[in-house]
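Input: a single structure, listed below in structure tokens.
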Amino acid sequence: MRARAAEKASASGAGNVEKAQPSLERGSGFETKHSNRLPFVVISLAFLGLGLWAFLALRLHGLNGLETTPAAASAPWEIDPGHRRRDRFKNRQAQAAQTQAQKNASAPAVVVQTPGPRTYPRPSPHPASAATPTKSTAPRAVALPMALIPRPQVLEVLQLESDVSKPLEWSLHWVGAELPLLGSDARFALNSLESLLHVTAKAGRGTSGLKVVVRPGDRTGARHACLELLKQELPRSHKGYEEHVKDCHASDWHFALSTPSGLCVSSTEAAGIFRFASTLRQMMHQGVTAFASDLPHFILEDWPRFCWRGLQLDAVRHFMPVSFVKRYIEEMAAYKANFFHWHLTDDQSWRLFLRSRPKLVKSSMASPESYSEDDVQQVEPLYEISTQQVLSFAREHFVTVIPVIETPGHILAALAAYPELACKGKHFEMPKQRVGTYTDILCVGKATTFEFAKDVFTDVARLFPSRWIHVGGDEVIVEKWWMSDHVRAFAGMAGLRNIPVDMMEVWFCAVGRILKELGRQPIMWDDHFSQRLTATKLCPNAHKDWVVQAWKMDYPVGNTTAVAEDFPFASISSPMKSVYLDYPVASIDFNRSTQLLPLTGPRILGGCATMWTEDSEPKDVFTKVFPRFMAISERLWGGLLHDPRRLDLSLWWAAHRHCERFAATAGDATSFRSVTCGHFEVKTGARSPMFARARISTSLDNFGDAFQVGQAFDDDPETYFWAVSPQAGDMIEVAFLEARTELMACEGSTACWAEGRRRKASLGKWLKELVVKTGSKDRPSDQLEQGQLKVAQWLQADGTWALKWRSICAFKDGECRGDHDTLMKGPIVTIRLSVMATQTKWMALPEFEATTLQEHPEHPTAEEIEDTAPGSKSHLSQLVSNVWESSAGSDTAAAAPVGDAPESSTSPPERRRMPSHALRPPPHNMTRRAPRNVTRRPQPRLNETTKERFFSALGWRWRWDMI
């Protein structure tokens, strides 16, 4: 182009006027007439973009939609309905792994699905006919997350080739020369798999099915044995059991591998095989599956976080038959629990027959009044033959039975048989109630007491092969020791100055020495250890021989929620606020149970949930244990998973899935689980319409925010007000004194409605029924022992309305039902429940049941009361004030009969209370009073603002001359 331009310039410069001829050189036409190349560039880029779009579409969507099958030949371009699924764009790594596995068919490599989006198999638009099975090389994947409780430590899905045309039937092979001997632990583990799969085990390697390998003491050899049998390699990213974990975890460790060739499980001990059977049972969502190939391909390695995973059962307050105890052990073993705390003795009964002390059981059977009628008909002592049945059943499920023998407190049943064991007294009777703590304890200063301990624990050690025996030690009331000449003489001879603490130390030291001679270790509650450092002398080597079960966790044992890491004793965590399964769900719900996470330390063994049966018969136990024990087992086995895995459901939804299976198999004796779950949580609601505008107050202490007084007025029987140890003079008040306006009904007159005339609503409510029942569904014995129900009622006499307090009923068997005729004599302004006597038992109040009349011809209005009341306008307020004053002094008196309440004395009452409706406390958030051992603050007096609010509610103006 430069030469062409120079030639043109030279021609023009020489004066040559000859017209330039068009050139035939390449590109000359564009340069002379079409110098703009934009159309060519646009077209090129368009074709390039179209090609890139097609390449990316095929790369991302794959070519499966274009596969031609006999069924799809007529419509080769039919679009896959799932081609727009979002997860299709997340499978690049999985598809690359599939392609690599197909290329290496001779030596298939194990591809582990790394943490990331889960692969879902793509549905074929034209599935092959079931009559003509075809070979599929699609990798096996988990279609849905698995609901496993507790969740395994390591669980990964393997992307491997599988041939669905050849399903693998279940078979069980014990990899060894011959099957294990009957009665051995290995045989028990093998029996659990046989009952699960409904097959008979055979010795040898086998070609398919489930292979079981046990390599004692060789964890690496056990792991590689499965890899060799299934011809697989361990992924490099696999993180298994660590070497520095304590030895007690090795018994439950197991490794499992599922491939197209079959399933293999290996362990160093038989207990690990049994734990895998529990996991395999949960993987089979609907029980036993027909084919082994139905399982996903996975690699699993599991071991517990804590060695002690316990569950306790109280068989004293309500007798638990042997068949129920076995079922209880079976259910706890299904969630990998390994210690069963069997509570056998208490104040109410002695359940264990002992050869050396046969009177213990006979004395218990001679006091049937402590049991219900059904209990008396079926009660039987747990003789040695029954005990051996329980122990052998527990051994088959790899559960250790820990007998719990309560001493030196909770011993009234033993004192009834051997009264000489007490410091004072010759005759003792077992309590008629299943609740309460009693002051009669063993007299530690007597020689006969130590002889009794030696006889009892020698027989217990002979019956129970467990290394540990629980010796009690909780709630020991030591007043009897202070007054005993035997104890004071013993303390003086031994040089002990702090009698309560020193005597407990002496008792534990003596019992510990007896058990040590028998080759056993004592377990005791932690009550003594909060004051142990104040003892005059300490038992030598106690920190090496004793195990402490902590339920209070006071300092220095712990911080009320977990045991301190520097606590010098081996400890079992049983915090009352999270693992007491007899407590209502409103107090300890499913989420609260997950808070049990013992700190890891060299002396912390694990944890144990407790199930006390003061208010629970055998039919009620499982609804309280489940689902909360699922959360506890998750924490004791797997700990706390900070990063949720994609292969697992969350703990909440997994527990729901388990409870759904329980409900689906209820009543089926052949089902793998047959229990009933209770509630996960209790949701509190608003007040019922009856008490929506009422003002409610109480002087009772509630157990917590979930048990406030408002829960007794929400029409929900599942929620209740739970009062701690009601005392004489306590009360609950409900006031209907708030005035409001409403349209006056005008029958047949439209002009009346047009005027919009209004009148004052009547004061109070007409009630035709009023019933108060104490004792909830899950705490039936938490009743009010002595109390009465009174009402402030408008009564008309000689044309004059007067407000008086009337007692309508007294509590009997925890229930108070108001008299109908008394209620209908006049509208009720205030309802008061009064406690007449102090009681140690708590009170549960589910509902105030009241039925009101919407319209009543005799219902007075404020104007009618004002017109008929004698005197000035202050008469109405003075009436109400007098009624409050008259009732305040009679709260602690005996329950008055139905009718008018007794008149008040002229002297002011000892405990004056502010009227419940003088101030308006927020609903469901009543202020808790101070504890019993703390001096109460004086009740506030009615100030001017409070009085103005009260009288304005009645429609009156406040004046000082009204006082």
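Odds and ends about this structure:
- Converting phi to 3J(HN,Hα) with the Karplus coefficients 6.51, -1.76 and 1.60 and the offset θ = phi - 60°, the stretch 203-217 yields 7, x, 6, x, 10, 8, x, 9, 10, 10, 10, 10, 10, x, x Hz in sequence order, with x at every glycine or proline.
- In this structure Asp589 has an accessible area near 40 Å², from a 1.4 Å probe over the protein heavy atoms.
- A cut-off under 11 angstrom between Cβ atoms defines the neighbours of Ser578, and their net charge, with Lys, Arg +1 and Asp, Glu -1, is +3.
- A cut-off of 5 Å between modelled amide H atoms, ignoring neighbours fewer than 5 places along the same chain, links Trp308 with Gly606, Gly607.
- Taking all protein chains as they are arranged and a probe of 1.4 Å, the heavy atoms of Tyr438 leave approximately 60 Å² accessible to solvent.
- Largest-first ordering by accessible area, 1.4 Å probe, given options Trp653, Trp525, Trp174: Trp653, Trp174, Trp525
- Positive dipole terminus of the stretch 472-549, leading residue within Gln549, Val506, Trp525 (C-beta point charges): Val506
- Charge tally in the Cβ shell below 14 Å around Phe274, where Lys, Arg are +1 and Asp, Glu are -1, Phe274 excluded: -1
- Simple label model, 7 Å out from Cα along Cβ direction - Met824 to Leu538, nm: 7.4
- If the segment from Ser725 to Asn591 were pulled out straight at 0.36 nm per residue, it would be longer than the present Cα-Cα gap by 45.5 nm.
- Our estimate of slack between Glu815 and Leu56, defined as 0.36 nm per intervening residue step minus the Cα-Cα distance, is 265.5 nm.
- Taking each residue as 0.36 nm, the span from Asp294 to Arg467 lengthens on full extension beyond its C-alpha to C-alpha distance by 58.0 nm.
- Nonlocal amide H pairs with Gln549, under 5 Å, H built at 1.01 Å: Met524, Trp525, Asp526, Ile572
- Computed from the Cβ-Cβ distance with R0 of 51 Å, the FRET efficiency linking Gln388 to Leu853 stands at 0.20.
- Heavy-atom SASA rank of Leu853, Leu148 (probe 1.4 Å, accessible area, largest first): Leu853, Leu148
- Paramagnetic reach from Thr448 (point 7 Å along Cα→Cβ, amide N under 18 Å) across the stretch 393-436: 408-409, 411-430
- The solvent-accessible area of Glu475, taken with every protein chain present and a 1.4 Å probe, is close to 70 Å².
- When Arg657, Arg205 are compared by accessible area at a 1.4 angstrom probe, the order from most to least is Arg205, Arg657.
The values are calculated or read from the model by the stated rules, or taken from the named source; none is laboratory data. Everything numeric in this text was worked out from a predicted model, so none of it was measured. Don't worry about glycine lacking a Cβ; one is built from the backbone with ideal geometry, like all the others, and counts go over all protein chains shown. The accessibility values were calculated without ligands, DNA or RNA, using every heavy atom of the protein model including side chains. Shrake-Rupley method; radii C 1.70, N 1.55, O 1.52, S 1.80 Å.
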